[in-house]
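Visitor: Starting off with a structure, shown below.
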Amino acid sequence: MRPYILAENHWRSVEETPYEVAILPWGATEAHNFHLPYGTDIIEAQEVAAEAARIAWEGGAKVTVLPCIPFGVNTGQFDVKLDINMNPSTQLAILRDIVEVLDRQGIYKLIILNSHGGNDFRTMIRELGLKFPNMFLCSCNWYQSVDQKLFFENKDDHAGEMETSVIMHLTPHLVRPLSEAGDGAAKKFRITAIREGWAWAERKWLQVTKDTGVGDPRKASAEKGAKFFKAVTEKVAQFFTEVAKADRKDLYDFY
Ligand SMILES: [Zn+2]
């Protein structure tokens, strides 16, 4: 039983623990090239949250990891079989209900630990922040917490070298042989501003990639995944700890 994982605990110990921060891992259920499982983003969110919470807890931060929300925004993958889309408006409704519980019970800090590029909680945090002024709401994309270039040769957007390495490290029994993986080659927008990144439009996934991957997975290894996972969880743990210790009424300073 891990005291920082809510689903593994019991009422008496939960009642007695003065939690400072709730952590909500949020994944997606979607195809990941031919070699990674549909639950890749769920596994990543849960494992990163659990390991970072362990480190933070052992350092004295009272954090609790809530069960992972398994569905993400997959509006662009509507034609990929059993990619389960959860609309942003549904996500907002779920988030509102969770925030309402935390607010009522005096757990005034929530971190959404996001695993999926199609999820974006920032506008929801703005809207809920106005409705629940006592709450400190924040989100983080764990995959952006450390520079992937220091660990991997090929850039990963979806099911590429980074994700493949991480899943090879965490759940190797769920990874098909790399010889079965597609190369993750992906088209980019012909429109210059979107390609440069300062304008944005959603990609229709199957018009961009043949194997659903975006990023070449073939140089992935469990060793690379282990090193990256360690660096990520240490960094994320530091974030959890800082949020736990932060004074909600005194969050800013000059730097
Ligand atoms: Zn993924």
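The values are calculated or read from the model by the stated rules, or taken from the named source; none is laboratory data. Keep in mind that this is a model prediction, so the values were computed, not measured. Here the Cβ positions follow ideal geometry from the backbone for every residue, glycine too, while neighbour counts run over all protein chains shown. These area figures cover heavy atoms from the full protein model, side chains too; ligands, DNA and RNA do not enter into them. Shrake-Rupley method; radii C 1.70, N 1.55, O 1.52, S 1.80 Å.
Visitor: What pairs come up if the first residue lies in region 79-93 and is in a loop (DSSP other than H, G, I, E, B), the second is aromatic (Phe, Trp, Tyr) and open to solvent by 40 Å² or more (accessible area, probe 1.4 Å), and their beta carbons are under 9 Å apart, counting only those six or more places apart or on different chains?
Guide: LEU82/TYR38; ASP83/TYR38; ILE84/TYR38; ILE84/PHE71; MET86/PHE71
Visitor: Just to be sure I understand, how many residues within region 94-141 are assigned to a helix (DSSP H, G or I), open to solvent by 20 Å² or more (accessible area, probe 1.4 Å) and either out of contact with any strand residue (DSSP E or B) (no Cβ under 8 Å at 6 or more places or on another chain) or modelled with pLDDT under 95 (or both)? Before the answer, list the steps.
Guide: The initial filter retains those residues of region 94-141 that are assigned to a helix (DSSP H, G or I), namely 94-105, 122-131.
Checking which are open to solvent by 20 Å² or more (accessible area, probe 1.4 Å) leaves us with 94, 96-98, 100-101, 103-105, 122-123, 125-127, 129-131.
The next check asks that each one be either out of contact with any strand residue (DSSP E or B) (no Cβ under 8 Å at 6 or more places or on another chain) or modelled with pLDDT under 95 (or both); those that pass are 96-97, 100-101, 103-105, 123, 126-127, 130-131.
The number of residues fulfilling the criteria is 12.
Visitor: Has region 5-17 got any residue that is out of contact with any helix residue (DSSP H, G or I) (no Cβ under 9 Å at 6 or more places or on another chain), within 16 Å of the ligand (Cβ to nearest atom) and either open to solvent by less than 60 Å² (accessible area, probe 1.4 Å) or not in a loop (DSSP other than H, G, I, E, B) (or both)?
Guide: Here is the first cut: in region 5-17, the residues out of contact with any helix residue (DSSP H, G or I) (no Cβ under 9 Å at 6 or more places or on another chain) are 7-13, 15-17.
If we keep only those that are within 16 Å of the ligand (Cβ to nearest atom) as well, we get none.
No; the residues of region 5-17 include none that is out of contact with any helix residue (DSSP H, G or I) (no Cβ under 9 Å at 6 or more places or on another chain), within 16 Å of the ligand (Cβ to nearest atom) and either open to solvent by less than 60 Å² (accessible area, probe 1.4 Å) or not in a loop (DSSP other than H, G, I, E, B) (or both).
Visitor: Another one. Please enumerate the residues belonging to region 60-75 that are crowded, with 18+ Cβ neighbours inside 10 Å and either touching a helix residue (DSSP H, G or I) at 6+ places or on another chain (Cβ under 6 Å) or assigned to a loop (DSSP other than H, G, I, E, B) (or both). It would help to see each step written out before you state the result.
Guide: Filtering region 60-75 down to residues crowded, with 18+ Cβ neighbours inside 10 Å leaves 61, 63-66, 68-74.
Those that are crowded, with 18+ Cβ neighbours inside 10 Å and either touching a helix residue (DSSP H, G or I) at 6+ places or on another chain (Cβ under 6 Å) or assigned to a loop (DSSP other than H, G, I, E, B) (or both): ALA61, VAL63, THR64, VAL65, LEU66, CYS68, PRO70, PHE71, VAL73, ASN74.
Visitor: Something else about it: Please tell me if VAL80 is closer than 24 Å to MET168 by Cα, within 16 Å of the ligand (Cβ to nearest atom) and surrounded by fewer than 18 Cβ atoms within 10 Å (Cβ to Cβ). Before the answer, list the steps.
Guide: Working: closer than 24 Å to MET168 by Cα: yes; within 16 Å of the ligand (Cβ to nearest atom): yes; surrounded by fewer than 18 Cβ atoms within 10 Å (Cβ to Cβ): yes.
Against the criterion (closer than 24 Å to MET168 by Cα, within 16 Å of the ligand (Cβ to nearest atom) and surrounded by fewer than 18 Cβ atoms within 10 Å (Cβ to Cβ)), VAL80 qualifies.
Visitor: Residue check, TRP57 against (1) within 13 Å of the ligand (Cβ to nearest atom); (2) crowded, with 21+ Cβ neighbours inside 10 Å, all met but one. Which one?
Guide: (1)
Visitor: In this structure, does SER165 turn out to be closer than 24 Å to ASP147 by Cβ and in contact (Cβ under 8 Å) with a residue 60 or more places away in the chain?
Guide: Details: closer than 24 Å to ASP147 by Cβ: yes; in contact (Cβ under 8 Å) with a residue 60 or more places away in the chain: yes.
The answer is yes for SER165.
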